Structures are given as structure tokens and as C-alpha cells.
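Report on the structure given below.
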Amino acid sequence: MIFDSLDNFRSYVGLHAGFADVQAFLSETDLSTLPEGKHPINDNGSYASVNEYNTRSIEDCFIECHQKFIDVQIIAWGEENIGVAHKRFCVEQQYDHDNDFQKLTGRVDFIRLVPGLFVVFFPHDAHEPGVRNGTEAVPVKKIVFKIPV
């Protein structure tokens, strides 16, 4: 997992070829006006998934991970807590190959994702997104870049 300021994203483009495409997309795109849906960012299967939603209580969220994609998550507006853990400390449920999705159970620690920050989740990083910070739901616009491993 990487958790850092978007100002530092350039420092990570050498970690994976797809990160350079994310950097280029970020430099050319106003994320706050990007419509919901799936937006291809290269010819190698990387894309940006844009969603707007309200944060939820921890009881309504779940821990997940992916095997085929690296997630780069950015908030355009709003804020959310994201539970984080190493996958080896969680109990795995059945993996959905078609949707590259696996639910997990376990204990997480939380980070707070706000505009100007980003988080990267690799396949071994369990994460529980969309958790509200406090008692009130907050509207969020989130962009998740999906980069094939």
C-alpha cells in the first residue's frame, strides 16, 4: 500500500508502467467534472472507474481485495475512511474471477482519504472503502484507477 499526496504521485511512476498513464490522465483531466462510469486510460486494459455515493457505516461496508488489478484511489470531493490490512491477516472468502473481487473478514486500521491524497492497493492489500468519518454520511466522488498487474 502507498498513501501519499497527489503532488508526489510522479515519484511512483517507476513502480509500474501503468502508473505513467495514470499520471498523464491526472495532468490532463479535471476529476471533479469527470462523469460517472468507466474511462479507458491506455490500450493495456487500465481504466478509471468514477463513482459518486454516500459514505456508509462500518457495518454496511466490507473488506475486499483484487488479484488482477492494482487500485489507485483518489477522491475528487468529499472524504471517506478506508480500512486497511495485509491480506494474510484476513480470512479469505471465495474469489470471483470474472469481477476480480474477493471479500475478506478481519481487523482493519483506518486512513482518511480526502482530495489531494491518493492510496494504492496492490493484490496483497486488503481494503474496506466507503466508510463514513463520524455519524453522518458524506457525498463522495471517487476515481479508482484499475491497472492490470
Discussion item. Over the chain, with a Gaussian network built from C-alpha contacts below 10 Å, which listed residue (VAL72, VAL131, VAL108) shows the highest mean-square fluctuation?
Written reply: VAL108
Worksheet item: What list of ³J(HN,Hα) values in whole Hz, one per residue of the range 109-120 in order, does the Karplus curve 6.51 cos²θ - 1.76 cosθ + 1.60 (θ = phi - 60°) give from phi, with Gly and Pro shown as x?
Response: 9, 10, 10, 10, 9, 10, x, x, 10, 9, 9, 10
Item to complete: Sorted from largest down, give the three principal axis spans of the alpha carbons of the range 47-89, whole angstrom values.
Response: 31, 29, 13
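Pulled fully out, how much extra length does the chain show between HIS124 and LEU34, if you take 0.36 nm times their separation in residues and subtract their Cα-Cα distance?
Roughly 29.5 nm would be gained on extension.
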Worksheet entry | Calculated from backbone phi, Karplus (6.51, -1.76, 1.60) coupling profile of the range 82-96 in Hz, x at Gly/Pro | 10, x, 9, 7, 7, 4, 5, 9, 10, 9, 8, 9, 4, 8, 9
Worksheet entry | Square roots of five times the Cα gyration tensor eigenvalues for the chain, Å | 22, 19, 14
Practice prompt. Taking the convex hull of the Cα atoms, report for the range 1-49 its projected area averaged over all directions, in nm².
Written response: 3.9 nm²
Worksheet entry | Cα gyration tensor, the range 87-128 - rounded (a/c under 1.5), prolate or oblate | oblate
Fill in: Sequence of HIS16, HIS66 when ordered by accessible area, the most exposed leading, probe 1.4 angstrom
HIS16, HIS66
Discussion item. Quick check: net charge around ALA17, other residues with Cβ under 15 Å of its Cβ, Lys/Arg +1 and Asp/Glu -1?
Written reply: 0
Worksheet item: Want the number for ARG10 to GLN93: 0.36 nm per residue separation, take away the alpha-carbon distance, what's left?
Response: 26.4 nm
Worksheet item: Once the whole set of protein chains is in place, how much accessible area is left on GLU28, using a 1.4 Å probe, in Å² to the nearest 10?
Response: 150 Å²
Item to complete: Holding the Cα-Cα limit at 19 Å, pick out from LYS103/LYS141; LYS38/LYS142; LYS87/LYS141; LYS68/LYS103 the pairs that are longer than that.
Response: LYS103/LYS141; LYS87/LYS141
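Counting only protein heavy atoms, what percent of the accessible surface of the range 1-119 is carbon or sulfur at a 1.4 Å probe?
Summing carbon and sulfur atoms, their accessible area is 47 percent of the total for the range 1-119.
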Response to the item:
Taking alpha-carbon centroids only, the range 98-149 lies from the range 15-33 a number of Å equal to 18 Å
Worksheet item: Heavy-atom accessible area per residue, the range 16-149, 1.4 Å probe: how many Å²?
Response: 49 Å²
Worksheet item: So if R0 is 25 Å, what FRET efficiency would ALA24 and GLU52 give, r being the distance between their Cβ atoms, rounded to the nearest 0.05?
Response: 0.55
Worksheet entry | For ALA137, distant residues with modelled amide H under 5 Å away | none
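The values are calculated or read from the model by the stated rules, or taken from the named source; none is laboratory data. Note that the coordinates shown come from a computational prediction; the quantities given were computed from them, not determined experimentally. Glycine gets a Cβ as well: all are built from the backbone with ideal geometry, and neighbour counts include every protein chain shown. Just so you know, the surface numbers come from the protein's heavy atoms only, side chains and all, with ligands and any DNA or RNA stripped out. Shrake-Rupley method; radii C 1.70, N 1.55, O 1.52, S 1.80 Å.
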